[in-house]
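Report on the following structure.
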Amino acid sequence: MIHLLAERRHAAFASGEIEAMVTADLSLHQAIVTAAHNTLLLSMYENLVDAISSTIRTNVTETPARPGASAHDLEHDHDPLIEALAARDPEAAMSAIVDSYSLYLTSGISEGVQ
């Protein structure tokens, strides 16, 4: 299921349609959170879905973590995590998550988080 959602996300990003990208990315995130079988994480995600959707929309329209990058450049960002989950490799999954978030955290710090 996660691979199918990842393929849909790739297609949405390739299309360049903002709402399709947001919807596909949100669906993939939901599946990843659900696959974790962590009720606390799932509850937090469900309560933050509007904020997450807004953040995804910002990321695909402004790509703040990568100045000069386009939404198309973000198309394969989740691939390392998807592969780690498929391989049932928690260490690789955590590494993929840390690598992904470090881009956004570093960008926020360098721009001066307010």
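Could you check region 57-69 and list, in sequence order, the residues that are in contact with a helix residue (DSSP H, G or I) (Cβ under 9 Å, 6 or more places away or on another chain) and either at pLDDT below 85 or closer than 15 Å to residue 6 by Cα (or both)? Even if it seems obvious, please write down each step before you answer.
Narrowing region 57-69 to residues in contact with a helix residue (DSSP H, G or I) (Cβ under 9 Å, 6 or more places away or on another chain): 57, 59-61, 63-67.
Passing the criteria: 59, 60, 61, 63, 64, 65, 66, 67.
Criterion first (modelled with pLDDT of 80 or more and not hydrophobic (A, V, I, L, M, F, W, C)) does residue 72 satisfy it?
no
Would you check if there is a residue in region 12-21 being without any contact (Cβ under 8 Å) to a residue 60 or more places away in the chain and touching a His at 6+ places or on another chain (Cβ under 9 Å)? If you could, list the steps in order and put the result at the bottom.
Within region 12-21, the subset without any contact (Cβ under 8 Å) to a residue 60 or more places away in the chain is 12, 15-21.
Within this subset, residues satisfying the condition of being touching a His at 6+ places or on another chain (Cβ under 9 Å) are 16.
Looking through region 12-21, at least one residue is without any contact (Cβ under 8 Å) to a residue 60 or more places away in the chain and touching a His at 6+ places or on another chain (Cβ under 9 Å).
Does region 78-98 contain at least one residue that is modelled with pLDDT of 90 or more, within 16 Å of residue 1 (Cβ to Cβ), surrounded by 15 or more Cβ atoms within 10 Å (Cβ to Cβ) and not aliphatic (A, V, I, L, M)? Yes, region 78-98 contains at least one residue that is modelled with pLDDT of 90 or more, within 16 Å of residue 1 (Cβ to Cβ), surrounded by 15 or more Cβ atoms within 10 Å (Cβ to Cβ) and not aliphatic (A, V, I, L, M).
Scanning region 24-56 for residues being touching a helix residue (DSSP H, G or I) at 6+ places or on another chain (Cβ under 8 Å), part of a helix (DSSP H, G or I) and at pLDDT below 90 gives a total of 2.
The values are calculated or read from the model by the stated rules, or taken from the named source; none is laboratory data. On a predicted model such as this, the values are computed, not experimentally measured, just so you know. Note: ideal-geometry Cβ built from the backbone for every residue, glycine included; neighbour counts use all protein chains shown.
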